[in-house]
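I have placed the structure first, in the form of structure tokens, so that the comments after it can refer back to it.
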Amino acid sequence: MNTGDASYIKQMNRGILLEEIIKNVSLSRSDLARKTGLNKATVSAQVRDFLNENIVNEKSEGELTTRGRKPILLEINADAGYSIGIDIDEHFLKIFFTDLQGKPFYKMNLPVQNYKLDDVTNQLIQNISTQIEKFNQIYKPIGLIGVGIGIHGIVNKDQEIIFTPKQQWSNINIKDRLEVAFKTNVHIDNNANLSVFAEQVYSEHIPDLFCVTLYSGIGLGIINGNKIYQGHQGFAGEIGHMIIDPKGLACSCGNTGCWELYASEKVLISKLKGNLSVGTLSDNFEKLLGKEENKEIVDEYLDYLAVGLNNIINIFNPEKVILNGMIINGNTPFISEVQEKLKSKMNNYREITSSRLGENSCALGGAALAIKNYLGLNMINYVEYDYLSNLDEIPGQ
């Protein structure tokens, strides 16, 4: 075996062991060897490296009722470092800080002060740099390990922003500037890609998963074989611009009859707000649905939603599809109604559900991806940590 082969095998074993520790929250060395099939000498050597790098720490299992030596458990060293995930949307910047175990500990929700990307970038740097200085003193010795950023538009494989329909940003690279400002690696991707990654990491860890985001436009994130599918140049998932009516409404992309002009929640909200007199949409949603004219509006919306889902299912045959939107997440009967409209005998899938992460998915996915990249893993699994029930209690601004 040459040096290159040995180095490759060592790196592969490193990933296998770290993925298993993360998945199981904590493990003894013997359990780690048993679950991975690696011999104890290999496990011991790798664990020694993990401890030296401060990415893993040891703890006692506690008092045992039987005699004998207490097993020493290994777990990811949560306090050694942290990551940041950012969702750059049209009106808000949603930001999550997560420790090395993927647990969110701080969040920020900032209104966008100016739509120019240079100004948005300045706003990010000004607001986050102060927090980085503070948290670098708390999460030692590693500090900030990386930043993951979601853009609501097309991002190529070189992480350049090719086009955003809302802000009209085109052919811009902010990665280098942010890496200089934050002094760490920055990864930029489409928001739907980060959303589906977060769903897999935090909600249900399966290798074949689709997430359709429905807020202001429609995006599709695809996990295939535990990897984010990006297509030839990174443009995959722009499903909102699938044409469902060739002679339909004109779209900013240049086509007519794009799916998101009929089935995004922005479209549904704009129609419902015509009958909304007081309060917010969420406060009055059930009342609005009780009106006969609104039932027709919603039924038409679900018809269009089902048309697009029918196409996605027939083309990709996904195991599970997650629908993520402000309205759909709080109205699970919509899921049943959509499924009833999927009448084709060619439709084949295991499950369609609403998202448990909601509007937090993109930023959480960015933070989790930064951890995955830093540790050099193929996949990461936080399902057993049950972080989702406490997202509303996380401090922030």
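A few points about this structure:
- Looking only at residues of the stretch 75-104 that are more than 30 Å from LEU32 (Cβ to Cβ) and in contact (Cβ under 8 Å) with a residue 60 or more places away in the chain, we find that the one that is farthest from the chain's Cα centre (by Cα) is GLU90.
- Subset of the stretch 163-197 [surrounded by fewer than 19 Cβ atoms within 10 Å (Cβ to Cβ) and touching a Lys or Arg at 6+ places or on another chain (Cβ under 7 Å)]: none
- Residues satisfying the stated conditions in the stretch 310-340, i.e. touching a residue at least 60 places away in the same chain (Cβ under 8 Å) and hydrophobic (A, V, I, L, M, F, W, C): ILE312, PHE316, VAL321, ILE322, LEU323, MET326, ILE327, ILE328
- Selected residue (criterion: nearest to LEU323 (Cα to Cα)) from residues of the stretch 197-249 that are without any contact (Cβ under 8 Å) to a residue 24 or more places away in the chain and of a type in the set (Gly, Ala, Ser): ALA236
- Residue match in the stretch 8-25 (condition: outside the structural domain of LYS103 (by TED's automatic domain parsing), in contact with a His (Cβ under 9 Å, 6 or more places away or on another chain), surrounded by 13 or more Cβ atoms within 10 Å (Cβ to Cβ) and assigned to a helix (DSSP H, G or I)): yes
- Given (1) among the charged types (D, E, K, R); (2) modelled with pLDDT of 95 or more; (3) in a strand (DSSP E or B), index of the condition ASP49 fails: (3)
- Look at the stretch 279-305: where a residue is under 15 Å from GLU265 (Cα atoms) and outside the structural domain of TRP259 (by TED's automatic domain parsing), no partner that is among the aliphatic types (A, V, I, L, M) and modelled with pLDDT of 85 or more sits 6+ places away or on another chain with Cβ atoms under 6 Å.
- Hits in the stretch 149-162 (condition: in contact with a His (Cβ under 8 Å, 6 or more places away or on another chain) and buried (at least 19 other Cβ atoms within 10 Å of the Cβ)): ILE149
- Some residue of the stretch 346-363 being free of Cβ contacts under 8 Å to residues at least 24 places away in the same chain and on the phi < 0 side of the Ramachandran plot: no
- Of everything listed in (1) over 21 Å from the mean Cα position of the chain (by Cα); (2) of a type in the set (A, V, I, L, M, F, W, C); (3) surrounded by fewer than 21 Cβ atoms within 10 Å (Cβ to Cβ); (4) more than 15 Å from ILE154 (Cβ to Cβ), the single unmet condition for TRP259 is (3).
- Flag if ILE206 is surrounded by fewer than 21 Cβ atoms within 10 Å (Cβ to Cβ) and not in a helix (DSSP H, G or I): yes
Every residue, every condition in (1) charged (D, E, K, R); (2) outside the structural domain of ASN136 (by TED's automatic domain parsing), yes or no:
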residue: GLN168; (1), (2): no, no
residue: LYS175; (1), (2): yes, no
residue: VAL180; (1), (2): no, no
residue: VAL186; (1), (2): no, no
residue: VAL212; (1), (2): no, yes
residue: GLY240; (1), (2): no, yes
residue: GLY257; (1), (2): no, yes
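- Inter-residue pairs, beta-carbon under 6 Å, first within 21 Å of PHE182 (Cα to Cα) and in the stretch 140-159, second part of a loop (DSSP other than H, G, I, E, B) and polar (S, T, N, Q), 6+ apart: PRO141/ASN54; LEU144/THR184; GLY146/THR184; GLY146/ASN185
- Matching residues in the stretch 41-61 - criterion: being polar (S, T, N, Q), under 17 Å from PRO71 (Cα atoms) and out of contact with any Lys or Arg (no Cβ under 7 Å at 6 or more places or on another chain): ASN57
The values are calculated or read from the model by the stated rules, or taken from the named source; none is laboratory data. This is a predicted model, so every value here is computed, not measured. When we count neighbours, we look across all protein chains shown, and the Cβ atoms used for this are built from the backbone with ideal geometry, even at glycine.
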